[in-house]
Every structure is written in structure tokens, then in C-alpha cells.
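K.L.:
The structure that follows is given in the form of C-alpha cells.
The values are calculated or read from the model by the stated rules, or taken from the named source; none is laboratory data. The structure displayed is predicted, hence computed values, not measured ones. Counting neighbours? That spans all protein chains shown, and the Cβs are built from the backbone with ideal geometry, glycine included. Accessible surface areas use protein heavy atoms only, side chains included; no ligands, DNA or RNA. Shrake-Rupley method; radii C 1.70, N 1.55, O 1.52, S 1.80 Å.
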Amino acid sequence: MINLVLRKGKEKSLLRRHPWVYDTAVKRVEGDPELGETVRVLSFDGRFLAWAAYSPESSIRARCWSFNEDEVIDEAWFEKKLRHAIEARANLWERTNAVRVIFAENDGLPGLVVDQYDNVLVAQFLSAGVHRHKALIAKLLKQITNAVTLWDRSDASACHREGLPLNNGLLWGEEPPEAVEVVEDGVRYGIDVRNGHKTGFYVDQRESRLTAQKAAEAFRKKHGRGMRALNCFSYTGGFSLALLKGGADEVISVDSSQDALDMAKRNAERNGFGEDKAKFVCEDVFQYLRRMRDAGETFDLVILDPPKFASSHRHVTRASRAYKDINLLGLRLLEEGGQLFTFSCSGAIDVDLFQKIIAGAVFDAGCDAWAVGRFAGGEDHPLLMTYPEGEYLKGLHLLVRS
Ligand code: SAH
């Protein structure tokens, strides 16, 4: 058995069941562990702390499987973890067939993300530990799900950090179609599992999309007309379709990727939304917002769901300025009584900081704004209470008046 012995004092986070061991916490390695091999983590004075997967190249040197010395990290253990996670999502299938069935650290399987789109599973093996057990996990997923395909999208930057080979290909089953079709809260989406972002779709925005749909419905009821909305960083049109489903009159989707917008257009067609209502602009959002400001355009609702501006703590200051910039511009485009849906998926920017940044933008815009709702991932993105890093997605639903 290989032992990873920590420096004095570095056992504290593991005693609180936080699942990461940083390279700086390791005093010595007793033995010669292979990539992803299960090791025993010990405190400086030899106390058992955890079973963990060893990752020689990553600054997260080991990720914990279990804090219980009696547990054995074998096939039965993986099966139990996968089953628990899959069972916890059982209720979601009534409203959607796009579900995150495994959410990495949060489900006790560090680095493993599995999304199910209809009967197609798309997995990301993003840590040395799950990479080492890929064949076993793939076999278990075949046994315990009803899927006909397992596609591997282990081509994220996280793989580089872990020293893992990249893979984008079939692990078992049928070749997936060019667009896997799903229905979420009555809206149809096509998902490109080979080329789309992450596993192809932002499953984590399900609850926010439903709120958008309801906001559009409520607006129509109140005003007797549909809203005019702007969806910035639209990707394949998730929010745009939800707003149109709710009865919006016009939704402009802005993204810098023409491929994403082409997919968004096909998604609009899937739902029967014509070009009079669903509009698409391929442009840099920062530039587009300024252009709209200068043109005096206004909207009843603006959505800002940018990519991760802060990839680490080192980028927080610069990212904060970028978030503030787009939010200030977004606020200024709103009609009196308009709504702003604003998000950050930067793990390095926590809920408090995000709220402060938005408050700063509100102050500079010289308006009043109320958070009438808060956004986070849905129940298929459960937050492990001992792992605050799991809360990467945060958002505010603001009501804005001058
Ligand atoms: N809101 C989307 C997810 C957004 S992902 C959804 O719910 O599905 C971020 C998107 O922002 C990507 O599609 C990317 O192409 C786009 N993007 C990144 N930087 C951009 C910029 N400066 N201007 C416009 N789009 C940008």
C-alpha cells in the first residue's frame, strides 16, 4: 500500500472532509504510485485520513474517494456511488431528458461528469483517478442506465492539468446522431455531443431557463404583448427559446461563435419560432452592448450569461471589471421596470463578490434594482456541503427601475 504523508497541520481540511490534497500539503510519498492509483493519505503523525487517487502532475496531488478506512475502492464501491447519484435525479426525468447524472466531487466521484441526453450518455473523465478507472466506470454505466451510447468528451483543459491524454470519441454503443434531441420544460433542443461546449449543453441553467419562460409568460399577461429581450452569450439559444416559449415577441441572441448561432437557429426551427421573433447576431457582446447603447435601443429583459471570466484566483480583479462592464451596459439598456438575468460561472468569484460587483454596476447606472430571485444549478448539481468549490454557478434576477 502506498502512503501519502502530509505536512503537520495540512490534515485539517481532510478532517473536514474536503476532498482535495494540494501538492504543497504533501511531505512525502512512501512508494511509487502510478497515475490515478489509490493511495492512503496519512497525517504527519501517521493517522489515516482518506483513500485518494494520486495525480503526479496536478497541483491537486490527490483527490479523495473516501474518508472511511474500512471502505475498499473497488467495483462494488464505484457501483454504489454511481447508483446513489443516478437515483438522486429520478424525479427530474418528468420535465426533461437532459440531466447531469454524475456531478464530480459533489457526487463523491472527483473529476467525473456524466450528462445524459435522452438515451445518450456523455462523460468527462477529468482527473487521474477516474481516468484510471475509465473502463470499469464505462462498464458500470452500461449496466445501470438505460442508455444506448456512451460518448467520451475528455477533451477539456482540466485533462492537461492532470497530465491525461485527450479523447473525444465513442466508448460503447451506437454512434450518436449529429444532434441529440431533448425536450426540457416543453422546449426542444438539439445537442452536438462531439463539438458542443463541455458535453454539448448547459444543463446547469435549467432552473434559470424555466424562470425566463415564466417571466415571459407573466410579462405577456401583464402587458398584453410579448416582451422584447436580449440574450447575450446565447450559445445554442437556451434562454432565447425559453423566452419565446413563454410568449416573448422578439429575442435577439448574441454570440461570437457562428457555429453556436447556427445551432441556435436550428433550435428555433425545431420549436417553430420564425425569423420575425428569433434573431441572431454574431458579434462580440462588449461591442454589441455599446452599439445598442449608442443607438438608444431598449429591452424589457436582458440576459448576461458569459463564459468563465476568471479561470483562477489570479484573474479575479480583471474578471470583476469585465463583469461590471457588461452589467452596467446591460442595466442601461433596460426599459423602466425591466429585468436583468445576470450570471457568473467563475468558481473564483463567490456569491458575495458577485453580488458586490452587481451592486457596483447598479450604483454606477444610477438606478434602483432588487434581486427578486437567485440562480444556481438545479437538483442534478447538488452541492456537497464540505466542498464550496462546487458552487461555481451563481446568478441574480433583478428588477430595475430608474
Ligand atoms: N447562455 C448559454 C451558455 C453561454 S456559454 C446557455 O445557457 O446555453 C458562453 C458563450 O459565450 C459561448 O457560446 C461563447 O461562444 C460566447 N462568447 C464568449 N466570449 C464572447 C464575447 N466576447 N462576445 C460574444 N460571445 C462570446
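K.L.:
Taking THR38 and the conditions (1) surrounded by 20 or more Cβ atoms within 10 Å (Cβ to Cβ); (2) within 16 Å of LYS12 (Cα to Cα), which numbered condition does it fall short on, given that it satisfies the others?
P.N.:
Tallying (1) surrounded by 20 or more Cβ atoms within 10 Å (Cβ to Cβ); (2) within 16 Å of LYS12 (Cα to Cα), THR38 fails exactly one: (2).
K.L.:
Okay, next question. Would you pick out the residues in the stretch 103-137 that are over 17 Å from the mean Cα position of the chain (by Cα), open to solvent by 10 Å² or more (accessible area, probe 1.4 Å) and within 22 Å of PRO165 (Cβ to Cβ)?
P.N.:
HIS131, ARG132, HIS133, LYS134, ALA135, LEU136, listed by residue number.
K.L.:
In the stretch 184-221, what residues are within 14 Å of the ligand (Cβ to nearest atom) and assigned to a helix (DSSP H, G or I)?
P.N.:
Passing the criteria: VAL203, ASP204, GLN205, ARG206, GLU207, SER208, ARG209, LEU210, THR211, ALA212, GLN213.
K.L.:
Could you grab me the full set of residues in the stretch 336-364 that are farther than 25 Å from TYR202 by Cα, in a helix (DSSP H, G or I) and in contact with a strand residue (DSSP E or B) (Cβ under 8 Å, 6 or more places away or on another chain)?
P.N.:
Answer for the stretch 336-364, where residues must be farther than 25 Å from TYR202 by Cα, in a helix (DSSP H, G or I) and in contact with a strand residue (DSSP E or B) (Cβ under 8 Å, 6 or more places away or on another chain): just VAL362.
K.L.:
Is it fair to say VAL316 is farther than 22 Å from ALA369 by Cα and buried (at least 20 other Cβ atoms within 10 Å of the Cβ)?
P.N.:
No, not satisfied.
K.L.:
Of the conditions (1) under 11 Å from VAL120 (Cβ atoms); (2) in a loop (DSSP other than H, G, I, E, B), GLU181 satisfies every one except a single condition; which number is it?
P.N.:
All conditions pass for GLU181, except number (2).
K.L.:
Just the residues that are out of contact with any Leu (no Cβ under 8 Å at 6 or more places or on another chain) and within 12 Å of VAL281 (Cβ to Cβ), please, taken from the stretch 238-256.
P.N.:
SER240, SER256
K.L.:
For the stretch 222-311, give me every one of the strands (runs of 3 or more DSSP E) that falls completely inside it and has 2 or more residues that are near the ligand (Cβ under 10 Å from one of its atoms), surrounded by fewer than 19 Cβ atoms within 10 Å (Cβ to Cβ) and of a type outside the set (D, E, K, R).
P.N.:
In the stretch 222-311, 278-282 are the strands (runs of 3 or more DSSP E) which contain 2 or more residues that are near the ligand (Cβ under 10 Å from one of its atoms), surrounded by fewer than 19 Cβ atoms within 10 Å (Cβ to Cβ) and of a type outside the set (D, E, K, R).
K.L.:
Within the stretch 171-187, track down each residue that is open to solvent by 40 Å² or more (accessible area, probe 1.4 Å) and in contact with a strand residue (DSSP E or B) (Cβ under 6 Å, 6 or more places away or on another chain).
P.N.:
Passing the criteria: LEU171, GLY173, GLU174, GLU181.
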